[in-house]
Every structure is written in structure tokens, then in C-alpha cells.
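In what follows, a single structure is set out as C-alpha cells and then discussed.
The values are calculated or read from the model by the stated rules, or taken from the named source; none is laboratory data. Bear in mind the structure is a predicted one, so any value in this text is a computation, not a measurement. Don't worry about glycine lacking a Cβ; one is built from the backbone with ideal geometry, like all the others, and counts go over all protein chains shown. SASA here: full protein model, heavy atoms, side chains in, ligands and nucleic acids out. Shrake-Rupley method; radii C 1.70, N 1.55, O 1.52, S 1.80 Å.
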Amino acid sequence: MLVLFGGRFIDKRPPRQLVLLAGICYAVGLLGASFSMSNTGLFTVCYGVILACGTGCITASTVGPTVKWFPYRQRGIVSAVLYTATGMCSVYMSPLCNALVTNYGVQTTLVTFGISFGLIIIISHFFIRTPDVDLIHKMEIEEAATVADSVTFEVREYSWTETLRSGRFWL
């Protein structure tokens, strides 16, 4: 749900501000959860609300700006790669979490992840940039010219009755 608000935020402000907020939410959520394990309500707020806000912020602030760096025709594959990478996170995080919880306990694992993820995200916010509007415009013009050169159109005027009888009209 926060991704919707994050997307709106990105339209008005630079994505680096939302990445910074995500890093703070990750750190506060995980560290808060680690110190509130005996209080179910506080644990739920820290882990289920604050950390979820961080996840929504990081998703909204990275996918949108990243695809803007690529030509329009490649944006679908770029966003698919980003979401696949996010989904593949469970492949290496599950064994890591299991090993840390087994050897050090849940609280230490949450503290470790809170500090690590918080620092990584907060430091990475310095490197987040959106492309210049002129660069985006230039890429769109070049792509439109390339497509226009490679496509030929058949121009024919149809009457309204011919239009209604054509299969394309009803699709």
C-alpha cells in the first residue's frame, strides 16, 4: 500500500529522499523488533508496520527511477529484472537467516540485519540519481525515429459501414 504513496512522493521529490526514509524505516523496524520481542503489540508495529513501510519506500524509490534510464521499449524487461532480483533475495537470505538464528538467536539476527540493511540503504541513497529530463527526451526522440524508419503503414480510408464490418474494429 505504501508503494502507492511512495510513487506519488517520487513524482514530486527526488528518489534519494525516499531511499533515505526506507533505510531509516529498515533500521528502526528491525532494531525495534529485536528489543520488543516480549511485547507482541510493539513487535508487530516495528516489524509489521515500520519495516513494511521501509520495504514499500525502497520498492517505489528504486524501480521507477531505474527504468527511466532505459529506452521505452526496454523498460518492461528492466522492471522484470528488478522484481526478479528482489524475489530471488529469498534464495540467499533464507539460509543466511537460518544460520544466524541457529547460531546467535533471533534478537542478535534482527540487530545484525537492522544495522546492516540500514547502513547499506542509507549509504546507497547518496548514489541514487534520476536521469536528466533532456536525456530522457533525447532517448524517446531517437527511439521514435528508429521505429518510424522501420515501420510502414498502409493508408486507406474506410467508410463507417466497412469499419463496423472489420474485425479490427471489434477488438
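Some notes on this structure:
- Of residues in the range 54-109 being in contact with a Pro (Cβ under 8 Å, 6 or more places away or on another chain) and not small (Gly, Ala, Ser), the one farthest from residue 12 (Cα to Cα): 69
- Selection from the range 29-41 of residues that are open to solvent by less than 80 Å² (accessible area, probe 1.4 Å) and touching a helix residue (DSSP H, G or I) at 6+ places or on another chain (Cβ under 8 Å): 29, 30, 31, 32, 33, 34, 36
- Selection within the range 85-100 - of a type outside the set (Gly, Ala, Ser), open to solvent by less than 80 Å² (accessible area, probe 1.4 Å) and under 16 Å from the mean Cα position of the chain (by Cα): 89
- Qualifying residue in the range 53-74 (condition: loosely packed, with under 14 Cβ neighbours inside 10 Å and more than 23 Å from the chain's Cα centre (by Cα)): no
- With respect to the stated conditions, residue 111 fails to be touching a helix residue (DSSP H, G or I) at 6+ places or on another chain (Cβ under 9 Å), modelled with pLDDT under 70 and open to solvent by less than 70 Å² (accessible area, probe 1.4 Å).
- Residue satisfying all of: in the range 4-16; open to solvent by 40 Å² or more (accessible area, probe 1.4 Å), in contact with a helix residue (DSSP H, G or I) (Cβ under 8 Å, 6 or more places away or on another chain) and closer than 21 Å to residue 126 by Cα; modelled with the highest pLDDT among these: 16
- Within the range 33-46, the set of residues being touching a Leu at 6+ places or on another chain (Cβ under 7 Å) and closer than 18 Å to residue 100 by Cβ comprises 33, 34.
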